[in-house]
Amino acid sequence: MDTKLNIGSYSFQSRLIVGTGKYKDFETMVQAHEASGADLVTVAIARVNLDRPDEKTLLDYIDTKKFTILPNTAGAYTAQDAIRIARLARATGIGDLVKLEVLGDPKTLLPDVVALLEATEILVKEGFTVMPYTNDDPIIAKKLEDLGAACVMPLAAPIGSGRGIQNKLNIRFIQEAVSCPVIVDAGVGTASDASICMELGVDGVLMNTAIAQAKNPVLMAEAMKQAVESGRKAFLAGRIPKKNYASASSPQEGLNVL
């Protein structure tokens with residue numbers, strides 16, 4: 001029997017986390033969310049007009065009876081901006097769960113880990129359940145856990161690149177370094193990428209572009225659901241060891257050769 005994905009005091013059935021950006025329209029987004037089977041949906045709070053309560057926003061298209069909203073601090077390039085966005089999300093009643101992003105530059109969208117550590121420490125002290133997006137560095141991952149992060153979210157590849165997991169070894173090092181959940185975030189391109197991540201034994205995968213920008217986002221969302229589930233099952237089942245030479249599928253002893 002598998003366990004649920006536990007992040008702080010939160011518990012989720014699905015190990016797939018999906019996003020809300022880059023869809024051609026809200027209807028497609030809603031259908032893709034349903035097809036993904038996800039429980040957790042991330043929203044870039046800085047891109048939502050929270051100061052206009054009478055206007056319909058992205059948040060109105062997410063069924064909070066089915067999905068937990070995970071506000072993220074996308075667009076923040078300083079610890080102060082990320083902290084401000086997280087506080088704004090909590091003040092509007094979304095909750096204390098936050099995907100923490102502090103970017104280093106607009107070209108690579110790689111994390112500024114110094115600012116990330118600073119923001120993590122402050123938000124944890126303020127009672128947030130912090131899910132930090134970080135690079136695939138086991139040293140930084142351990143520091144984030146020590147500061148109280150509820151999980152660590154190393155990138156597989158740069159955001160939106162679709163290149164799949166680029167450094168399996170570092171992901172393994174991160175798993176060895178921390179005891180909190182490890183969720184691969186960013187860089188997944190297709191279902192096989194998601195399955196490979198899960199086969200490594202990570203606790204979950206977060207993706208947005210791979211689904212939203214697919215030719216058929218709803219069908220891709222379903223494929224991602226199945227890939228995450230199959231990759232998880234393969235990890236739990238335990239793969240056979242890799243060998244350099246052939247090994248017959250049928251026993252050779254007792255064969256009657258005509």
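The values are calculated or read from the model by the stated rules, or taken from the named source; none is laboratory data. Quick caveat, the model's predicted, so the values are computed rather than measured. Neighbour counts run over all protein chains shown; Cβ positions are idealised from the backbone, glycine included. Side chains are part of the model used for accessible areas, which takes the heavy atoms of the whole protein and leaves out ligands, DNA and RNA. Shrake-Rupley method; radii C 1.70, N 1.55, O 1.52, S 1.80 Å.
So here's what we get for this one:
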{"quantity": "Criterion violated by Y10 - all others in (1) free of Cβ contacts under 8 Å to residues at least 40 places away in the same chain; (2) closer than 24 Å to L117 by Cβ; (3) crowded, with 16+ Cβ neighbours inside 10 Å satisfied", "calculated": "(1)"}
{"quantity": "Every residue from the stretch 175-194 that is open to solvent by less than 20 Å² (accessible area, probe 1.4 Å), touching a helix residue (DSSP H, G or I) at 6+ places or on another chain (Cβ under 7 Å) and not in a loop (DSSP other than H, G, I, E, B)", "calculated": "V182, V184, A194"}
{"quantity": "Residue tally, condition in a helix (DSSP H, G or I), more than 18 Å from A191 (Cβ to Cβ) and touching a Lys or Arg at 6+ places or on another chain (Cβ under 8 Å), over the stretch 10-45", "calculated": "0"}
{"quantity": "Total residues in the stretch 198-246, condition within 19 Å of the chain's Cα centre (by Cα), of a type in the set (K, R) and open to solvent by 90 Å² or more (accessible area, probe 1.4 Å)", "calculated": "1"}
{"quantity": "Selection count, the stretch 131-160, where residues are open to solvent by 40 Å² or more (accessible area, probe 1.4 Å) and among the hydrophobic types (A, V, I, L, M, F, W, C)", "calculated": "3"}
{"quantity": "Yes/no for T64 being closer than 21 Å to K22 by Cα, outside any loop (DSSP other than H, G, I, E, B) and among the polar types (S, T, N, Q)", "calculated": "no"}
{"quantity": "Residues being assigned to a loop (DSSP other than H, G, I, E, B) and either under 20 Å from L40 (Cβ atoms) or not acidic (D, E) (or both) - total across the stretch 105-147", "calculated": "9"}
{"quantity": "Residue check for G104: small (G, A, S) and without any contact (Cβ under 8 Å) to a residue 12 or more places away in the chain", "calculated": "no"}
{"quantity": "Filter result (assigned to a helix (DSSP H, G or I) and under 18 Å from I159 (Cα atoms)) within the stretch 77-104", "calculated": "A82"}
{"quantity": "Residue in the stretch 86-98 that is farthest from the chain's Cα centre (by Cα), counting only those that are open to solvent by 10 Å² or more (accessible area, probe 1.4 Å) and touching a residue at least 40 places away in the same chain (Cβ under 8 Å)", "calculated": "T92"}
{"quantity": "Residue in the stretch 146-163 that is aliphatic (A, V, I, L, M), more than 22 Å from I69 (Cβ to Cβ) and modelled with pLDDT under 95 present", "calculated": "yes"}
{"quantity": "Members of the stretch 20-61 found to be within 18 Å of D96 (Cα to Cα) and either open to solvent by 30 Å² or more (accessible area, probe 1.4 Å) or touching a residue at least 60 places away in the same chain (Cβ under 8 Å) (or both), listed by number", "calculated": "D39, T42, A46, L50, L59"}
{"quantity": "Members of the stretch 196-213 found to be farther than 13 Å from G19 by Cβ and either touching a strand residue (DSSP E or B) at 6+ places or on another chain (Cβ under 9 Å) or in a loop (DSSP other than H, G, I, E, B) (or both), listed by number", "calculated": "C197, M198, L200, G201, V202, D203, G204"}
{"quantity": "Unmet requirement for T78, which otherwise passes all of (1) farther than 30 Å from E145 by Cα; (2) open to solvent by 10 Å² or more (accessible area, probe 1.4 Å)", "calculated": "(1)"}
